[in-house]
Amino acid sequence: MIPEVGHFALILALCVGIVQGTLPILGAAKGNLAWMRVARPAARSQFLLISLACACLAYAFAAKDFSVLYVAANANSQLPLPYRLAAVWGAHEGSLLLWTFILTAWMVAVTIFSRHLPEAMRARILAVMGLVSVGFLSFLLSVSNPFERLIPAATDGRDLNPLLQDPGMVLHPPMLYMGYVGFSVAFAFAIAALLGGNLDSSWARWSRPWTTVAWCFLTVGIALGSGWAYYELGWGGWWFWDPVENASFMPWLAGTALIHSLAVTDKRGSFKVWTVLLAIMTFSLSLLGTFLVRSGVLTSVHAFATDPKRGLFILAFLTLVVGGSLLLYAWRAPRVGLGGGFSLVSRESLLLANNVLLVVAMGSVLLGTLYPLILDALGLGKISVGPPYFDAVFVPLMTPAVFLMGIGPIARWKKAELPELGIRVRWAFGISLATALLLPLVLGKWTPLIGLGLLLATWIATTALTNLRERLTRLPGESVFSRLTSLPRSYWGMMLAHGGVAIFIVGVTLVKGYEVEQDVRMNIGETTTIGGYTFRFDGAQEVRGPNYMAARGTFHVSKNGQEVARLFPEKRLYTVQNQTMTEAAIDSGIFRDLYVSLGEQLEGGAWSVRLYHKPFVDWIWGGCLVMALGGAVAIADRRYRFARREEHQGVSAASQAAGQKVA
Amino acid sequence: MKRFLLPLITFLLLVGFLAVGLRLDPREVPSPLVGKSAPEFSLPQLHEPEKVFSPKDAAGKVWLLNVWASWCGGCKDEHPLLMQLAQGGEVPIYGMDYKDRPEEARAWLRQWGNPYRVTAVDETGRVGIDYGVYGVPETYVIDRSGAIRYKQIGPLTEEVVTRTILPLVKELQDK
């Protein structure tokens with residue numbers, strides 16, 4: 001009964017979505033205020049209906065209702081309750097439901113935080129989002145129904161994929177989707193502005209916080225996924241250039257470009273056409289990512305069930321949404337005027353160059369991801385494109401981008417002078433170069449890549465300090481502290497986000513340059529030393545988990561005779577799906593991770609073991625979190641709140657006037 | 001107007017490829033190498049780098065050459081099949097580790113099992129060019145005289161192994 005309620009709620013939500021996607025747009029075109037006002041209650045009721053559907057599915061999992069096909073396929077009576085609830089989004093149908101749920105949650109957020117927007121703009125935004133949700137709801141109801149019954153019911157379920165039975169994996173999809181779907185807001189803003197023909201700097205100002213929030217979530221989501229791969233796949237890597245990872249990375253790159261381009265449009269009125277194209281592109285890539293992951297056109301280590309009907313549906317939807325918006329773009333964009341001009345050397349042109357680099361990087365990831373598919377479509381065979389390609393393309397593209405990241409915030413808007421810029425950053429460059437040349441020697445080994453990585457990271461840090469010092473000397477005020485606090489939050493947000501990139505680069509560089517890895521056969525009581533740490537293996541015991549059997553090894557790690565850590569890596573056999581999983585044991589630290597994973601059991605209680613000493617590896621994820629934090633600080637800036645209040649007063653006066661006219 | 005249509009045109013091209021990609025599943029692609037003798041090479045062995053492996057070492061046998069890499073998702077897919085084949089013992093399998101870091105390749109084999117008699121290391125992908133490797137994984141069936149008889153591009157499947165490769169191996173062995 002409960003699953004049918006959920007099913008029915010989905011159908012109702014689809015009906016509401018159809019109304020929300022059509023009436024307000026028509027109303028905005030005709031100036032019919034009553035039709036426009038349908039958008040807000042429709043969005044909110046859609047949210048309630050989808051929440052109800054999610055609750056119903058969660059209930060089916062909690063109650064172990066194996067007469068629901070999706071529950072039977074992704075849970076088991078032995079699976080602990082938290083994982084049963086997480087299994088709601090553990091596979092195709094449920095993760096689409098989560099997608100739709102998050103979309104409606106963003107809609108509600110728009111209804112709450114858009115009081116300052118003109119009625120027509122808000123109506124169009126919500127209608128565009130409503131249309132997107134219609135697409136996803138029809139997908140759910142036609143070929144991906146999570147409430148489909150299994151009659152007769154299964155006696156027990158097939159269990160959740162053991163790879164997903166992990167706290168990191170529980171949080172990863174919702175975070176990622178918050179990002180993916182969050183870009184739908186920026187997309188809806190862009191489409192609404194194209195429809196209304198009011199593509200101006202206020203449009204950019206309104207979109208900025210939404211884009212930044214979505215970007216923060218996506219950043220955290222990607223970092224979580226990468227961290228999960230690091231400790232769960234058991235071979236110490238943190239990024240594999242797998243199609244599924246690329247699918248999340250492409251919108252991130254485009255979104256990063258969008259954030260910067262929006263800043264220019266907001267402050268200087270330039271790049272309007274480019275910004276609107278980026279907004280469309282970013283969300284299109286989120287949709288494309290969903291298509292790639294869900295249709296099974298690409299081979300990936302993330303095995304998902306594939307069904308050609310589903311692929312066809314998403315492709316048709318993708319064509320409609322992206323094709324439609326690009327058509328609208330081609331029709332409307334030529335009429336958008338150019339913004340303020342700028343010279344060849346200026347903050348605008350530096351940001352534009354950075355934008356181009358980011359988009360080219362995105363394009364190269366897209367090419368690498370789709371190349372196997374294109375070859376296949378042309379009948380040239382099935383292949384994998386792997387890290388050799390991506391590493392070769394990515395470093396040369398990101399190096400100038402990071403270099404520009406240092407100069408951009410220092411350069412003047414509109415017109416800057418190259419020689420003057422050079423003088424201002426000469427110290428920063430000198431220090432970076434010295435660090436790049438000397439620090440690796442202290443650390444023990446110099447290679448060109450280590451040098452380059454340290455050069456870029458130090459460059460970001462030193463140019464940021466240069467920037468801060470210049471801002472402070474220009475500001476009035478007595479004490480340094482009062483001047484520091486008078487700097488706007490958006491400025492600090494930018495500094496933090498850029499600092500996060502520096503931290504990330506340090507992590508990548510040092511772990512790639514100095515990690516030590518050893519595969520050894522270890523008998524009980526034997527020791528192995530890597531990176532100054534001595535690992536002693538004290539044998540492995542059988543342990544029973546709720547739904548798995550495991551061999552748990554015990555390792556004592558010591559440095560200079562002092563015990564540093566005890567590690568318990570596991571090799572688990574999940575009995576229902578008969579799948580073995582490697583559960584690595586990690587002792588994390590700011591400056592290094594010690595990582596142990598069990599390989600195969602050998603005769604006489606010995607095991608093959610992988611040991612790693614990974615210096616600064618946590619800086620990779622730390623950097624991502626700092627980037628996201630930077631975004632969060634930037635949207636807390638006062639200018640958004642002030643602007644909101646002012647516009648609110650202006651708009652409410654205007655809408656009163658409009659209301660009188662209607663009455 | 002025209003330049004504003006560019007994004008749309010690019011996108012429609014992409015959709016075309018995606019649409020074709022959706023319906024495609026042909027894994028059998030004729031290779032110009034089939035029927036010719038396998039290109040000669042001499043590469044260090046993965047587990048004993050001081051020794052080399054060359055197709056001559058397997059001369060007189062019918063054997064499989066499997067090109068793989070630890071970074072390749074498709075290789076993970078076909079790996080259980082290779083393990084089964086190796087256990088069955090009908091045909092010896094030799095590996096070629098393509099554009100990979102040897103320590104990662106060794107770890108990969110330790111983790112998932114090693115189906116190969118010997119693995120040769122083609123770290124730069126030089127030999128891969130001679131073989132016309134599009135990408136990994138690829139599998140070659142090579143006969144007693146050292147000629148390539150079949151080439152599988154992409155992961156092996158249960159069907160390819162039982163319907164094509166094993167009968168072909170049997171036929172070549174009986175010759």
Report summary line: Of all trypsin sites (Lys or Arg not before Pro) in the stretch A:419-458, the ones in DSSP coil with at most 11 other Cβ atoms within 10 Å are A:Lys445
Report summary line: Yeah, chain A with a ≥ b ≥ c from its alpha-carbon gyration tensor (a/c under 1.5 is rounded, else prolate when a/b outruns b/c, oblate otherwise) is oblate
Report summary line: For the pair A:Thr529 and B:Arg3, the simple spin-label estimate (label points 7 Å beyond Cα toward Cβ) gives in nm 6.5 nm
Report summary line: Out of B:Val141, B:Gly73, B:Val15 - ranked by how far each Cα lies towards the positive end of the dipole of chain B, with unit charges on the beta-carbon of charged residues - the top one is B:Val15
Query raised in the report: Can you work out ³J(HN,Hα) from phi for every residue in the stretch A:273-289, in order, using Karplus 6.51 cos²θ - 1.76 cosθ + 1.60 and θ = phi - 60°, giving whole Hz and x for Gly and Pro?
Result: 5, 4, 4, 5, 5, 4, 4, 5, 4, 4, 6, 4, 5, 4, 5, 4, x
Query raised in the report: Measuring from a point 7 Å past the Cα of A:Arg37 along Cα-to-C-beta, which residues in the stretch A:107-128 have an amide N at less than 14 Å?
Result: A:119-120, A:123
Query - Sparse-neighbour loop sites [chymotrypsin sites (Phe, Trp or Tyr not before Pro); the stretch A:485-574; at most 16 other C-beta within 10 Å; DSSP] - result: none
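In the stretch B:107-175, which GluC sites (Glu not before Pro) are in a loop and have at most 16 other Cβ atoms within 10 Å, using DSSP for the loop call?
B:Glu123
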Report summary line: Averaged over the residues of A:275-284, the number of partner chain Cβ atoms within 10 Å of each residue's own Cβ comes to 1
Query - Unit charges on C-beta of K, R, D, E only; dipole of chain A, Debye - result: 2700 debye
Query raised in the report: Residue separation times 0.36 nm, minus the C-alpha to C-alpha distance between A:Glu563 and A:Gln579: what's the value?
Result: 2.3 nm
Query raised in the report: In peptide B:72-83, how many Cβ atoms from other protein chains are near each Cβ within 10 Å, on average?
Result: 3
Report task. Would you mind ranking A:Ile410, A:Ile280, A:Ile125 so that the residue whose beta carbon has the fewest other beta carbons within 10 Å leads the list? Result -> A:Ile410, A:Ile280, A:Ile125
Requested in this report: Search the structure for amide H atoms under 5 Å from the amide H of B:Phe53, placed 1.01 Å from N in the peptide plane, and list their residues when 5 or more places away or on another chain.
Outcome: B:Leu43, B:Gln45
**Report entry** Listed pairs A:Lys445/A:Lys559; A:Lys272/A:Lys414; A:Lys512/A:Lys614; A:Lys512/A:Lys559; B:Lys61/B:Lys170; A:Lys445/A:Lys512 exceeding 20 Å between Cα atoms
**Finding:** A:Lys445/A:Lys559; A:Lys512/A:Lys559
Query raised in the report: Each residue of the stretch A:217-226 in turn: what ³J(HN,Hα) in whole Hz from Karplus with 6.51, -1.76, 1.60 and θ = phi - 60°, glycine and Pro shown as x?
Result: 4, 5, 4, 5, x, 5, 4, 4, x, 5
Report summary line: Exposure-ranked with fewest Cβ neighbours within 10 Å first, A:Lys571, A:Lys414, B:Lys56, A:Lys614 stand as B:Lys56, A:Lys414, A:Lys571, A:Lys614
**Report entry** Proxy reagent accessibility, fewest Cβ within 10 Å first, across B:Cys72, A:Cys54
**Finding:** A:Cys54, B:Cys72
**Report entry** Helical contribution to [θ] at 222 nm, DSSP H n ≥ 4, -39,500 (n - 2.57), averaged over the protein assembly as shown, rounded to 500
**Finding:** -20000 deg cm²/dmol
Query raised in the report: In the neighborhood of A:Val596, defined by Cβ-to-Cβ distances under 9 Å, what is the net charge if each Lys or Arg adds +1 and each Asp or Glu adds -1?
Result: 0
Requested in this report: Could you pull out every residue, at least 5 positions away or on a different chain, whose amide H is within less than 5 Å of the one on A:Trp413? Hs are placed 1.01 Å off N in the peptide plane, and Pro or chain starts have none.
Outcome: A:Arg347
**Report entry** Estimated FRET transfer efficiency (B:Thr164, A:Val395; beta-carbon r; R0 56 Å; 0.05)
**Finding:** 0.85
**Report entry** Per-residue average of Cβ from other chains inside 10 Å of A:311-320
**Finding:** 3
Requested in this report: State which helices in chain B qualify, where a helix is a whole DSSP H run, it must extend 27 Å or more along its own axis by its Cα atoms, and its mean Kyte-Doolittle hydropathy must be at least 0.5.
Outcome: B:2-23
**Report entry** Translational diffusion of the stretch A:478-625, µm² s⁻¹ [Kirkwood Rh, Cα pairs; Stokes-Einstein; 25 °C; 0.890 mPa s]
**Finding:** 138 µm²/s
Query raised in the report: For the stretch A:34-49, in order, what is each residue's ³J(HN,Hα) by Karplus, 6.51 cos²θ - 1.76 cosθ + 1.60 with θ = phi - 60°, in whole Hz (x at glycine and Pro)?
Result: 4, 5, 4, 6, 5, 4, 5, x, 4, 4, 5, 6, 4, 4, 4, 5
Query raised in the report: Roughly how many nanometres apart are two label points built 7 Å out from the Cα toward the Cβ at B:Glu103 and B:Val34?
Result: 4.1 nm
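Only the coordinates and a few stated rules stand behind these numbers; no lab work does. It should be emphasised that the depicted structure is a prediction, and the values quoted were computed from it without experimental measurement. FYI the Cβ positions are ideal-geometry reconstructions off the backbone, even for glycines, and counts take in every protein chain you see.
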